[in-house]
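The values are calculated or read from the model by the stated rules, or taken from the named source; none is laboratory data. All figures in this text were calculated on a predicted structure; none of them were measured in a lab. Counting neighbours? That spans all protein chains shown, and the Cβs are built from the backbone with ideal geometry, glycine included. These accessible areas exclude ligands, DNA and RNA; they are computed on the full protein's heavy atoms, side chains included. Shrake-Rupley method; radii C 1.70, N 1.55, O 1.52, S 1.80 Å.
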Amino acid sequence: MPARRPDPRGRESVPAVLRALDDGVPPEAGDLRDAARYLLQLLAARYPGRVLEVRVPPVAAVQCLPGPVHTRGTPPNVVETDPVTWVQLATGRLGWAEAVGSAAVHASGSRADLAPYLPLS
């Protein structure tokens, strides 16, 4: 199944989320959801495949990166984080090593490293 195309409304939400974070206030829930989903879909569109599952609950999950296809049970390579951390990672506001080191990102599996693919912008 091909990756969904990024929703253009999400693209508009990314700057709104970043402004809120810069101002030290929580982003609007709808903006955060749309921005996180957009950036997940952008990751999957740029790096198609099914090697790694990236989960941002409760927003969405995508599979990405080329390689061996996983078809049953729990995927062997999983990255999971919250929506704010994902937006920060995807936009370059937070580094991969820092996020993993602080436990803001849980990465399991030998291919669960997004450092070469981030930031997306």
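Okay, residues lined up against (1) under 14 Å from Ala112 (Cα atoms); (2) acidic (Asp, Glu); (3) at pLDDT 95 or above:
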position: Arg5; (1), (2), (3): no, no, no
position: Ala20; (1), (2), (3): no, no, yes
position: Gly49; (1), (2), (3): yes, no, no
position: Glu80; (1), (2), (3): yes, yes, yes
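Scanning segment 24-48 for residues that are open to solvent by 30 Å² or more (accessible area, probe 1.4 Å) and either over 13 Å from the mean Cα position of the chain (by Cα) or β-branched (Val, Ile, Thr) (or both) returns Gly24, Val25, Pro26, Glu28, Ala29, Asp31, Pro48.
Taking segment 49-89 as the range and being closer than 20 Å to Ser13 by Cα, out of contact with any strand residue (DSSP E or B) (no Cβ under 8 Å at 6 or more places or on another chain) and either surrounded by 20 or more Cβ atoms within 10 Å (Cβ to Cβ) or in contact (Cβ under 8 Å) with a residue 24 or more places away in the chain (or both) as the test, the residues that pass are Val59, Ala60, Val84, Val87, Gln88.
When Leu21 is tested against the conditions (1) over 10 Å from the mean Cα position of the chain (by Cα); (2) open to solvent by less than 30 Å² (accessible area, probe 1.4 Å), the lone failure is (2).
Looking at segment 17-33 only, could you name the residues that are without any contact (Cβ under 8 Å) to a residue 24 or more places away in the chain, of a type outside the set (A, V, I, L, M, F, W, C) and not in a helix (DSSP H, G or I)? Of everything in segment 17-33, those that are without any contact (Cβ under 8 Å) to a residue 24 or more places away in the chain, of a type outside the set (A, V, I, L, M, F, W, C) and not in a helix (DSSP H, G or I) turn out to be Asp23, Gly24, Pro26, Glu28.
Please go through segment 30-80 and give me each residue that is among the aliphatic types (A, V, I, L, M), touching a Lys or Arg at 6+ places or on another chain (Cβ under 6 Å) and over 19 Å from His106 (Cα atoms), ordered by number.
Val69
Of all the residues that make up segment 100-121, how many are over 13 Å from the mean Cα position of the chain (by Cα) and either open to solvent by less than 40 Å² (accessible area, probe 1.4 Å) or within 15 Å of Val51 (Cβ to Cβ) (or both)? Counting residues in segment 100-121 that are over 13 Å from the mean Cα position of the chain (by Cα) and either open to solvent by less than 40 Å² (accessible area, probe 1.4 Å) or within 15 Å of Val51 (Cβ to Cβ) (or both) gives 5.
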